[in-house]
Each structure stands twice: as structure tokens, then as C-alpha cells.
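Worksheet: one structure, shown below.
The values are calculated or read from the model by the stated rules, or taken from the named source; none is laboratory data. Just so we're clear, the structure is a prediction, and the values are computed from it rather than from any experiment. Note that we place each Cβ from the backbone using ideal geometry, even for glycine, and neighbour counts take in every protein chain shown. In case anyone asks, the SASA skips ligands and DNA or RNA and just uses the protein heavy atoms, side chains included. Shrake-Rupley method; radii C 1.70, N 1.55, O 1.52, S 1.80 Å.
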Amino acid sequence: MLKSDVVVLGAGIVGVSVALHLQAKGRKVTLLDRRAPGEETSYGNAGLIERASVVPYSFPRDLLVLARYALNHNVDAHYDPLFAPKIAPWLFRFWYHSQPERLKQISKELLPLIQNSLSEHKALIAAAGMEHLIREVGWIEVFRKEESHAKAIAEAKEIYAPHGLKFDILDAAALKAREPHLKDVVVGGVHWLDPASVRDPSALVKGYADLFVKRGGTFAIGDARTLEAEGNGYRFETRDGPATADQAVIALGPWANDVYGGFGYDFPLAVKRGYHMHYAPVGNAVLGHTLLDVDKGFLLAPMNKGVRLTTGVEFADRDAPPSPIQLQRAEPVAKELFPLGDHVDPEPWMGRRPCLPDMKPVIGPAPRHKGLWFAFGHNHHGLTLGPVTGRILAEMIAGETPFIDPAPYGADRF
Ligand SMILES: Cc1cc2nc3c(=O)[nH]c(=O)nc-3n(C[C@H](O)[C@H](O)[C@H](O)COP(=O)(O)OP(=O)(O)OC[C@H]3O[C@@H](n4cnc5c(N)ncnc54)[C@H](O)[C@@H]3O)c2cc1C
């Protein structure tokens with residue numbers, strides 16, 4: 001029977017990073033997933049290692065913006081009206097935590113994770129030989145309206161510059177010099193220079209998982225919902241039979257509740273769904289940077305497979321069938337910005353951002369079960385925060401003082 005010191009449930013960016021860090025501490029680790037590593041949320045995101053994101057995505061406080069969202073005609077956000085009563089209490093908590101003073105405090109608590117996100121990735125990128133997937137050219141916010149450009153410039157100077165973040169303010173001509181194939185709808189941009197981007201996020205996670213296996217780790221296919229406490233440890237089923245581990249880590253992203261629920265825990269974990277589609281550029285058009293169209297609310301990212309259009313947020317049941325609405329709305333406005341040609345994918349991809357209303361992940365011990373650990377709820381920034389999460393959780397499991405104080409991310413805050 002397969003026996004390990006620790007089983008890590010979930011082989012997305014978070015679980016794979018936890019597994020690598022535990023292994024580096026000499027633990028015998030099994031990484032379990034029902035499919036190959038990096039094939040769910042960590043597959044289809046926008047690929048940003050968002051070192052500049054020192055303020056998390058919060059709930060809008062402006063009444064006009066809220067009224068616009070309530071009409072449900074936006075590109076950047078959409079909700080299933082039948083799901084609205086179910087998500088309303090969660091949205092209320094999200095709104096509460098988005099008050100300016102709370103948001104300031106939460107941003108401060110998240111800051112050490114963000115500050116260490118790129119350096120922790122770089123250590124794994126080098127070890128796994130994944131440099132070919134990384135672009136270190138930052139990313140660009142583009143604007144169609146003078147007033148939103150001016151607002152972003154003011155925020156960049158007031159909020160972001162004090163953190164030492166580097167950015168260039170671009171007028172329309174400077175933006176066109178950096179992205180010559182952009183169409184004339186833009187009035188300017190803000191180019192964030194610190195973040196990096198990944199040309200294929202799934203390939204990066206697979207590269208990290210290959211490193212874990214090469215270093216002697218076990219990757220097993222199985223259903224994490226089979227996890228149960230047994231004696232002083234845990235038991236679970238793999239495709240090749242039963243297995244045990246002294247300790248278990250729940251790193252199942254949007255599916256974490258399928259397992260922690262069985263142990264009697266209840267967290268306000270919701271999902272913000274999002275979609276992507278790849279396009280072939282028209283003619284010889286090239287996209288050099290990831291672009292966020294702030295006024296319309298979608299993102300274009302240059303990926304190995306083509307130009308990836310990713311959508312904003314959809315509030316709907318985690319397991320409800322995909323809806324075509326967000327991409328249908330985003331595609332025509334994206335074509336106004338950049339010459340997108342044919343679809344590369346036969347169907348749109350849908351993913352689920354695992355979100356807690358206070359915008360922080362849960363990283364740390366399960367309060368009532370010895371040897372059970374949590375690493376989930378990474379919101380819009382799981383690709384960014386996977387490696388840093390892996391490091392602090394492995395340090396906690398090894399009984400060391402984590403290099404970042406994990407108190408703000410504790411499960412006991414709920
Ligand atoms: C459109 C979009 C754009 C995004 N852009 C960015 C970005 O640019 N930068 C960024 O940092 N983040 C971004 N994100 C967020 C990021 O993708 C997520 O936060 C991150 O991928 C979550 O990683 P995870 O490892 O927690 O979850 P996942 O990657 O979903 O991994 C969970 C794993 O658990 C497995 N699993 C589930 N149930 C079971 C079970 N019963 N048994 C066994 N295995 C199971 C799944 O197969 C999966 O492999 C984006 C998300 C979306 C949707």
C-alpha cells in the first residue's frame with residue numbers, strides 16, 4: 001500500500017507548489033488529483049504573475065457602477081438571475097470587506113504574499129527549467145476614455161508608486177509604439193513593469209509537477225473525496241488502490257469544500273467564473289504584452305496557442321453549465337481593440353476563481369484536526385500566489401517559523 005508523510009489533494013498551481021516545498025523539506029509526498037496536473041483553474045487563466053497587484057479586486061462602492069452591474073448588461077461582470085438570491089449574502093460580506101478602511105487593512109495583510117510572489121516563482125522556474133514560458137515585459141492597462149486614464153494615472157502615483165512599483169504612463173502614441181497593431185480606440189495606457197507573464201500556465205504547472213516527480217515524488221490519480229481520518233493519520237483511495245499519509249493538505253481550489261465539508265468545516269467559499277477563447281491574429285498582427293481593456297472589462301494575453309481573450313467575473317453556481325454570454329459580449333469589443341481572427345479552440349474554456357469574501361486565501365492548519373492543512377481560496381491571484389503559499393505552508397508543516405507571518409490567512413478567522 002502507498003504510504004507517505006503527506007498527501008497533497010489537488011494538483012493545480014497551489015497543490016503542486018505545496019508538494020514541491022514539502023519535498024524539499026525531506027517529506028515523502030503524494031500529490032493526488034482526479035486528472036493530470038494543471039488542467040482546471042490553473043489551466044485557463046490570464047497567465048499574469050501579478051507582482052504589482054497590491055490591492056485585491058474589491059466590490060465596487062460607487063452607486064452608479066453598482067446600478068450598471070444590476071442591469072446585467074456588462075462585459076466585465078455577469079450574474080445568473082436565478083443564482084442571485086443564493087449569492088447575495090456572500091456579496092454582502094464581500095461588499096463589507098471592500099469598505100476603504102477594511103480594504104486598506106486586507107491589502108496590507110496580502111502584501112507580503114504579493115511582494116514575494118515573483119521571486120518564489122523564479123526559484124521554481126529555474127529549478128524546473130521553465131524559463132521559455134516566461135515573459136518579463138510587464139503588462140499594460142489600456143484606456144478608451146480620457147477620464148479613466150487620468151484616474152488610473154492618479155492611482156498609480158498615489159497608491160502604487162509608494163510600494164516601489166515601476167510603471168510607465170503612455171499617451172496614445174507611446175502606447176501604439178509598444179503595441180503597433182492596436183486600433184485607434186485607445187487614448188493611452190499604464191504599463192506595469194514589475195509583473196511577469198506565462199505563455200502557457202498549464203504547461204508551467206505541469207513543468208513544476210514533472211520536477212516533483214523527477215525528485216522522487218509520487219503523483220497519483222484518485223478522488224480526494226475519499227479522504228478520511230484513520231488512526232493518527234489519513235486514508236484515501238487512488239486509482240491503484242488504497243493509500244495512507246500521516247498528514248493531508250486540501251489544495252483543491254474551487255472544490256475544497258467537497259472535502260473540508262466532510263470534516264465538518266464550513267467556509268464562505270464562492271466561485272467567480274470566467275471564460276477564455278484563443279484567436280489567431282489577423283494577418284501579421286502581433287500582441288507583445290498582456291492588455292487589460294479597463295473601460296470594457298476584458299483581457300488579451302499573448303499565449304503559445306494564440307491570443308487568449310479572458311473575461312471578467314460571472315456569478316453562477318459552480319457546477320452550472322457554461323453560459324456563452326460573457327464571451328459573446330467581449331468578442332466584438334475586443335475586435336475593436338486588436339485584430340482578432342478565427343477561433344483556435346472548438347469551445348470556450350470555463351474556470352472558477354476560488355474566492356473568500358475577505359479576498360484572502362486560507363493557508364494553515366485545520367483548527368480541529370491534527371495533521372490536516374488548508375491551502376485554498378486564492379481568488380483572482382492563484383497563479384501568482386501558488387509558490388509563496390507552498391513555501392509558507394511547508395514551513396508550517398515542518399514546524400518552522402514561516403518566512404511570512406501566516407496569521408492573516410488562518411482558517412480560524414471565519
Ligand atoms: C479567467 C481567469 C483568469 C485568471 N487570471 C489569473 C492571472 O492572470 N493571474 C493569477 O494569478 N490568477 C489568475 N486567475 C486565478 C487563478 O487561475 C486561480 O486562483 C488558481 O488557478 C487556483 O489554483 P488552485 O491550485 O487553487 O486550483 P485549481 O487549479 O483549480 O486546482 C484544483 C485541483 O483540484 C482537482 N480536484 C478537484 N476536485 C477533486 C477531487 N474530488 N479529487 C481529486 N482532485 C480534485 C482539480 O482537478 C484541480 O487540478 C484567473 C482565473 C480565471 C478563471
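Summary table below
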| read-out | value |
| --- | --- |
| Residue that is surrounded by the most Cβ atoms within 10 Å (Cβ to Cβ) [pool: residues in the stretch 351-389 that are small (Gly, Ala, Ser) and more than 11 Å from the ligand (Cβ to nearest atom)] | Gly364 |
| Filtered residues of the stretch 88-111 (kept if exposed (fewer than 14 other Cβ atoms within 10 Å of the Cβ) and among the acidic types (Asp, Glu)) | Glu101 |
| Given (1) open to solvent by 60 Å² or more (accessible area, probe 1.4 Å); (2) assigned to a strand (DSSP E or B); (3) acidic (Asp, Glu), number of the condition Glu158 does not satisfy | (2) |
| Residue tally, condition open to solvent by less than 30 Å² (accessible area, probe 1.4 Å) and more than 20 Å from Gly207 (Cβ to Cβ), over the stretch 112-125 | 2 |
| Residue in the stretch 62-73 that is of a type in the set (S, T, N, Q), more than 16 Å from the ligand (Cβ to nearest atom) and either farther than 30 Å from Ala229 by Cα or part of a strand (DSSP E or B) (or both) present | yes |
| The stretch 130-177: number of residues that are over 21 Å from Ala46 (Cβ atoms) and among the basic types (Lys, Arg) | 4 |
| Pair list, Cβ under 8 Å, 6 or more apart: the stretch 290-302 residue under 11 Å from Leu337 (Cβ atoms) and open to solvent by less than 10 Å² (accessible area, probe 1.4 Å), other residue outside any strand (DSSP E or B) and within 10 Å of the ligand (Cβ to nearest atom) | Phe298/Gly312 |
| In the stretch 397-410, the residues that are buried (at least 16 other Cβ atoms within 10 Å of the Cβ) and either within 13 Å of Arg27 (Cβ to Cβ) or outside the structural domain of Phe263 (by TED's automatic domain parsing) (or both) | Ile397 |
| Strands (runs of 3 or more DSSP E) wholly inside the stretch 313-360 that include at least 1 residues being among the basic types (Lys, Arg) and in contact with a Ser or Thr (Cβ under 7 Å, 6 or more places away or on another chain) | 349-355 |
| Candidates Ala229, Ala243, Ala220 - the one that is aliphatic (A, V, I, L, M), open to solvent by 40 Å² or more (accessible area, probe 1.4 Å) and part of a strand (DSSP E or B) | Ala229 |
| Hits in the stretch 24-39 (condition: surrounded by 22 or more Cβ atoms within 10 Å (Cβ to Cβ) and in contact with a helix residue (DSSP H, G or I) (Cβ under 8 Å, 6 or more places away or on another chain)) | Val29, Leu31, Leu32, Asp33, Pro37, Gly38 |
| Every residue from the stretch 13-23 that is under 30 Å from Thr290 (Cα atoms) and open to solvent by 20 Å² or more (accessible area, probe 1.4 Å) | His21 |
| Within the stretch 23-61, tally of residues that are more than 8 Å from the ligand (Cβ to nearest atom) and part of a helix (DSSP H, G or I) | 2 |
| Leading residue by the ranking (farthest from Lys3 (Cα to Cα)) among those in the stretch 213-233 that are more than 14 Å from the ligand (Cβ to nearest atom) and in contact (Cβ under 8 Å) with a residue 12 or more places away in the chain | Arg215 |
| Among residues of the stretch 1-12, those that are under 21 Å from Leu48 (Cα atoms) and open to solvent by 10 Å² or more (accessible area, probe 1.4 Å), counted | 1 |
